[in-house]
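The values are calculated or read from the model by the stated rules, or taken from the named source; none is laboratory data. Since the structure is predicted, the reported quantities are computational estimates derived from the model, not experimental observations. Quick reminder, even Gly has a Cβ in these numbers, built from the backbone with ideal geometry, and neighbours come from all protein chains shown.
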Ligand code: ADP
């Protein structure tokens, strides 16, 4: 590395060019490595349920052909494995679609409050049997954001799904959408210039160890792989969230305390026109 810079750089200006070129090369190499790792991980994740499926098909065609009881049981397992593959393929497709559009931020005004409420209602069948409560609080002044409705629905869904999945039975999951009074340190210019809002999803589960926090949004990174799989996780939910947040020029933060739970917060640009209309209506009343 050093050697090439010296040989390439008779003047300070060409030194700088050489360093830039080498940095680009290193970035390129790192990206190639990440892509190769991703393909390997995705293939591995698909191969496991596929092998199980093929194994059971073989058994059903052979030794278990006439065993009605075994057939029902095996078909149930095959359905679960097929569903797992379908979830994985859907998540992989979502991820590549969002990544493809990442350089063009969306510009629609979206009623995020309504999206969150619909997502929370859809989780009722999962929360009710576990005596969990999903408590949704929407600040009217923060209801509208600049974004893309389907992506925001997926973002909210992934965070609420996780809070329910990793939350404890009998506890509450608190979902709030409010005007952001402070911004995270690394907030970009889009957020700083906008009336920012924050969607916070808090659970009262086991929490996440500090050492895992920086890696949570990596594809296929799981704190406890077996637990994630048992709960139907693909390991891609937070990677999808991160890419949606990036495309929206927002910011994702996480705070967690072991034994107490976690709060995932997404800062987004509030929709100016809608926010102004609502707040003037409020100040009149
Ligand atoms: P998964 O499909 O495995 O849930 P995610 O990308 O959504 O994948 O999350 C990555 C990992 O982060 C999970 O496997 C889990 O270990 C951890 N995680 C995510 N959300 C929570 C949460 N609310 N509480 C505890 N752990 C969480």
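Looking only at segment 136-149, which residues are surrounded by 13 or more Cβ atoms within 10 Å (Cβ to Cβ) and touching a strand residue (DSSP E or B) at 6+ places or on another chain (Cβ under 9 Å)? Spell out the reasoning first.
Residues of segment 136-149 that are surrounded by 13 or more Cβ atoms within 10 Å (Cβ to Cβ), as a first pass: 136, 138-149.
Within segment 136-149, 136, 138, 139, 141, 142, 143, 144, 145, 146, 147, 148, 149 meet the criteria.
State which residue is surrounded by the fewest Cβ atoms within 10 Å (Cβ to Cβ) when the search covers only segment 112-135 and only residues that are free of Cβ contacts under 8 Å to residues at least 40 places away in the same chain and in contact with a strand residue (DSSP E or B) (Cβ under 8 Å, 6 or more places away or on another chain). First the steps, then the outcome.
As a first pass, look at segment 112-135 and keep what is free of Cβ contacts under 8 Å to residues at least 40 places away in the same chain: 114, 117-118, 121-122, 124-126, 128-129, 131.
Checking which are in contact with a strand residue (DSSP E or B) (Cβ under 8 Å, 6 or more places away or on another chain) leaves us with 117, 124.
On the way: 117: 17, 124: 11.
The extreme case among them is 124.
Checked against (1) closer than 29 Å to residue 142 by Cβ; (2) touching a helix residue (DSSP H, G or I) at 6+ places or on another chain (Cβ under 6 Å); (3) in contact (Cβ under 8 Å) with a residue 60 or more places away in the chain; (4) surrounded by 15 or more Cβ atoms within 10 Å (Cβ to Cβ), residue 106 meets all criteria but (2).
Condition check: surrounded by fewer than 18 Cβ atoms within 10 Å (Cβ to Cβ) and at pLDDT 95 or above. Does residue 227 satisfy that? The answer is no for residue 227. Condition check for residue 154 on (1) within 16 Å of the ligand (Cβ to nearest atom); (2) over 25 Å from residue 208 (Cα atoms): one failure, at (2). Restricting attention to segment 221-235, the residues that are farther than 23 Å from residue 116 by Cα and near the ligand (Cβ under 8 Å from one of its atoms) total 8. Taking the listed residues 176, 171, 127, the one that is at pLDDT 95 or above and more than 21 Å from the chain's Cα centre (by Cα) is 171, with no other qualifying.
Quick one: how many residues across segment 236-254 are within 11 Å of the ligand (Cβ to nearest atom) and either assigned to a strand (DSSP E or B) or modelled with pLDDT under 95 (or both)? Working first, answer last.
Residues of segment 236-254 that are within 11 Å of the ligand (Cβ to nearest atom), as a first pass: 236-242, 254.
Applying the additional criterion that residues be either assigned to a strand (DSSP E or B) or modelled with pLDDT under 95 (or both) yields 254.
Residues that pass the stated criteria total 1.
Within segment 1-56, track down each residue that is over 20 Å from residue 93 (Cα atoms), modelled with pLDDT of 90 or more and surrounded by 15 or more Cβ atoms within 10 Å (Cβ to Cβ). Selection gives 52, 53, 56.
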